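Working notes, beginning with the structure itself.
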Amino acid sequence: MAANAPTTTRLGVYPGSFDPPTIAHVHLAEQAIEQCGLDRLDLVISVVTLGKSDDHLSPLADRLAELHRLADMNPALGVRTTEHSLLADIAIGYDVVVMGADKWAQVLDPQWYGGIEERDDALRRLPKIALAPRPPWPMPDDDPAAEAPLGTDVVILDVDDAHAPISATEVRAGRHEWRALPPAH
């Protein structure tokens, strides 16, 4: 009798403020799950937001409730919060970290780390990076400033260009057709 081979669950993390979740967030999550062979993708909100003023964000409980509504519709989605702010810390224990080119530009900025060497050390701790194009932000093959440091693994996700202009900021400003879910009552 042959022993059963152990099963490995492939986990991804998609950090963000999700204020509110948009149809682009959902599309990117679905593409990452499919293209990276993920069993689960956790949508993760940091309770200590890096680079954003918390007083402009919707209450954490409201954002989490919307993410839980999304996860209830897709068993491959999970929802978590973290005390961490840096992606290198948020992504510990995951196989893939998902982000758009706008977040990638922020991740590459050495000011968040104290310098280039510290940034490169942090980025080398990341699991595979699943990166989604989002014009006008540069992609690694388009601009040397967007190149990943040596020792990092980046895969470019194939996403629908129609989602590039979609933003939570625009949803909050009235583009409700871009919202992932209707507001809860």
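When you look at R119, is it without any contact (Cβ under 8 Å) to a residue 12 or more places away in the chain, among the basic types (K, R) and over 21 Å from D42 (Cα atoms), yes or no?
Here the answer is no, as R119 does not meet what is asked.
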Could you tell me whether D158 is part of a loop (DSSP other than H, G, I, E, B), surrounded by fewer than 11 Cβ atoms within 10 Å (Cβ to Cβ) and modelled with pLDDT under 90? no
Going by the structure shown, is G151 out of contact with any Gly (no Cβ under 7 Å at 6 or more places or on another chain), of a type in the set (G, A, S) and over 26 Å from V48 (Cα atoms)? yes
Test result for L86, touching a residue at least 60 places away in the same chain (Cβ under 8 Å), aliphatic (A, V, I, L, M) and over 12 Å from Y14 (Cα atoms): no
Could you identify the single residue in A162, A168, A146, A130 that is small (G, A, S) and within 11 Å of D102 (Cα to Cα)? A146
When you scan the stretch 122-147, how many residues do you find that are in contact (Cβ under 8 Å) with a residue 40 or more places away in the chain and of a type in the set (G, A, S)? 3
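For the stretch 125-141, check the following and say yes or no: at least one residue is assigned to a loop (DSSP other than H, G, I, E, B) and basic (K, R).
Taking every residue of the stretch 125-141 in turn, at least one turns out to be assigned to a loop (DSSP other than H, G, I, E, B) and basic (K, R).
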Checklist (1) surrounded by 17 or more Cβ atoms within 10 Å (Cβ to Cβ); (2) of a type in the set (A, V, I, L, M, F, W, C); (3) under 21 Å from L64 (Cβ atoms) applied to L181, failing item: (1)
I'm trying to understand the selection: among the residues of the stretch 83-117, which are assigned to a helix (DSSP H, G or I), over 16 Å from A146 (Cα atoms) and among the β-branched types (V, I, T)? I90
Search the stretch 82-137 for residues being at pLDDT 90 or above and of a type in the set (S, T, Y), and hand back the single one that is surrounded by the fewest Cβ atoms within 10 Å (Cβ to Cβ). T82
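Of these, E170, E147, which one is closer than 30 Å to D95 by Cα and surrounded by 13 or more Cβ atoms within 10 Å (Cβ to Cβ)?
Working: E170 fails: closer than 30 Å to D95 by Cα.
Only one candidate qualifies: E147.
The values are calculated or read from the model by the stated rules, or taken from the named source; none is laboratory data. What you are looking at is a predicted structure, and each value in this text was computed from that prediction instead of being measured. Cβ atoms come from the backbone with ideal geometry, glycine included; neighbour counts cover every protein chain shown.
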